[in-house]
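Colleague: Okay, here's the structure, questions in a sec.
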Amino acid sequence: GCEIILQNSYEVPTGYHMTGKTYEEFSDIMRQNAMEDAQEFLKKNKIEEKDVRIVLSFDDEDDPGERAYQVASSEKADLIVIASRGRTEFASLLLGSVAEKMLRYDSNIPLLIVKDKKENLGFFQALLRI
């Protein structure tokens, strides 16, 4: 009897203008990419799209965790569930973790972080992503 909301945020990267597209055009492209990512997530996890409501959030402040809390608050969510790829201690120094940042928010909504033990980003992988 509950409703599941799959929230995915998107942003317009700097340098978008080098593509020759307007901000609005590139925003539409990024929104479509966010929808495709959400649908791929559902497919990968064998969840029917009809069983969830997809909410796409424009993130102009590069803070997907804050966007997730804003959606959860406006929807009066009872629980937020987020996946964590996991990082070694050294890797976390180089890359910020959305889940880690969300733990620090002062929120009235409980947060459940799910981690796949098989997915872990090491220090050298983090260096390559910078």
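Colleague: Going through segment 40-83 one residue at a time, which ones are part of a helix (DSSP H, G or I), open to solvent by 60 Å² or more (accessible area, probe 1.4 Å), within 26 Å of residue 1 (Cβ to Cβ) and not aromatic (Phe, Trp, Tyr)?
Modeller: Those that are part of a helix (DSSP H, G or I), open to solvent by 60 Å² or more (accessible area, probe 1.4 Å), within 26 Å of residue 1 (Cβ to Cβ) and not aromatic (Phe, Trp, Tyr): 43, 44, 49, 50, 51, 70, 73, 74.
Colleague: Ok, one more. Please identify the pairs in which a residue from segment 62-82 that is touching a residue at least 60 places away in the same chain (Cβ under 8 Å) has its Cβ atom under 7 Å from the Cβ atom of a residue that is surrounded by 13 or more Cβ atoms within 10 Å (Cβ to Cβ) and assigned to a loop (DSSP other than H, G, I, E, B), counting only partners at least 6 apart or on another chain.
Modeller: From residues that are touching a residue at least 60 places away in the same chain (Cβ under 8 Å), the pairs are 67/59; 72/109; 77/109.
Colleague: Moving on. Could you please let me know if residue 35 is at pLDDT 90 or above, in contact with an Asp or Glu (Cβ under 7 Å, 6 or more places away or on another chain) and surrounded by 13 or more Cβ atoms within 10 Å (Cβ to Cβ)? Give the derivation first.
Modeller: Working: at pLDDT 90 or above: yes; in contact with an Asp or Glu (Cβ under 7 Å, 6 or more places away or on another chain): no; surrounded by 13 or more Cβ atoms within 10 Å (Cβ to Cβ): yes.
Criteria not met by residue 35.
Colleague: Report, by residue number, each residue of segment 1-32 that is over 23 Å from residue 70 (Cβ atoms) and open to solvent by 80 Å² or more (accessible area, probe 1.4 Å).
Modeller: 1, 17, 18, 21, 25
The values are calculated or read from the model by the stated rules, or taken from the named source; none is laboratory data. Everything numeric here is computed off the predicted structure, so don't read it as measured data. Cβ: placed from backbone, ideal geometry, glycine included. Neighbour counts: every protein chain shown. Just the protein is used for accessible areas: all its heavy atoms, side chains included, with ligands, DNA and RNA removed. Shrake-Rupley method; radii C 1.70, N 1.55, O 1.52, S 1.80 Å.
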